[in-house]
Structures are given as structure tokens and as C-alpha cells.
């Protein structure tokens, strides 16, 4: 079936990884949002629970860093999400014995069970996202995306020797 003339994308866009990644991010955000909304899940909850499951108890600030939540609203976003998770019995929040000014968040058994349910939902989205790829291509795709992301996160050095974050 032919694409209607108004729906064609200029090759100068479609041949650019930056444009493709931006378009893909928009579609993935929609897919994950729809799946999580249908299941009653929140995206931040998944990230925080995953970080707690993999790395163990952490301060809210550490959780924000591990989940790459923007620093400009990390306190507000993490605090709100942790409060919601705590209200659901999915995490415990207690003062840090080493520094009473901060809280340490710990995953509960119910939180681990909830994370597993969220992971199953997200796995379905991943299958839909990568459906056009063969199994080996899926592994390569994730590897390549990770390598590009890691490259962009590494400090770069300018000609003057200063690092650019």
C-alpha cells in the first residue's frame, strides 16, 4: 500500500539518527504510557522499584541519580513517587541512622511483587516495539542504543582541555 503524498517524510529527516531516535522516543513513550495506564502503573514507580531491587536501600537523592531523573525536579518527583509507593506498602522510608536529615528507602516484598508485574507489562511493550526485528537483531539493537547513550553521557574534552558534561 502506498503512503499518501502528505504522509511522506523527507529523506533528509528519515536518514538522520537524531530524527529517528526522537520519533522512536515519542512512540515508545506512548506505548509504555498506554500499557502502564491500563495496568494502573506509573513510569517513575518502575524506575525507582527497579533501582531499589538491583542496588538495595538508597536515599531519595541516590534514587533520583540512578534513575536519571532531571536534577531540576528530582526532590519533588522522587519524594512524590516514594510517598505513593510507601502508601501502597511497596517501599519503606525511614530516617538514615547515619544522617537523620535524609531518608533511606527500602523495597518491600510487596514492592518486589509489584515490580515483577510491572516488568511483565513492560516486556509486552518491548516485544511490540521490537517485533520487526529478529531475536539476534533485538540484542544488537539494545546493545547499540546503550553504546550510543553511554557515549553521549561520557564527558567530552574540548580543544582547551575542559570537560563538557
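Remarks
- Inter-label distance, nm, simple model (7 Å from Cα along the C-beta direction), residue 96/residue 18: 3.8 nm
- The range 85-145: relative contact order in percent, alpha carbon pairs under 8 Å with at least 6 residues between: 22 percent
- In terms of the mean number of neighbouring beta-carbon atoms within 10 Å, the peptides 124-131, 103-110, 90-97 order highest first as 103-110, 90-97, 124-131.
- Taking 0.36 nm per residue of sequence separation and removing the Cα-Cα distance, the residue 129/residue 152 pair yields an extension gain of 6.0 nm.
- Candidates 71, 147, 42: whichever shows maximal mean-square fluctuation once the chain is modelled as a Gaussian network with Cα springs under 10 Å: 147
- Pair-distance distribution P(r) for the chain, from all Cα-Cα distances in 10 Å bins starting at 0: 8, 27, 32, 21, 10, 2, 0 percent.
- Length-normalised contact order for the range 17-154 - Cα pairs under 8 Å, 6+ apart - percent: 24 percent
- Shape of the range 1-59, Cα gyration tensor, a/c cut at 1.5: oblate
- Radius of gyration and Dmax over the Cα atoms of the range 47-98, both given in Å: 10.4, 28
- Judged by the mean number of other Cβ atoms found within 10 Å, the most tightly packed of the peptides 30-40, 46-56 leads the ranking 46-56, 30-40.
Where a number appears in this text, it was derived from the coordinates with a stated rule and is not lab data. All figures in this text were calculated on a predicted structure; none of them were measured in a lab. Cβ sites come from the backbone with ideal geometry, for glycine too, and all protein chains shown count toward neighbours.
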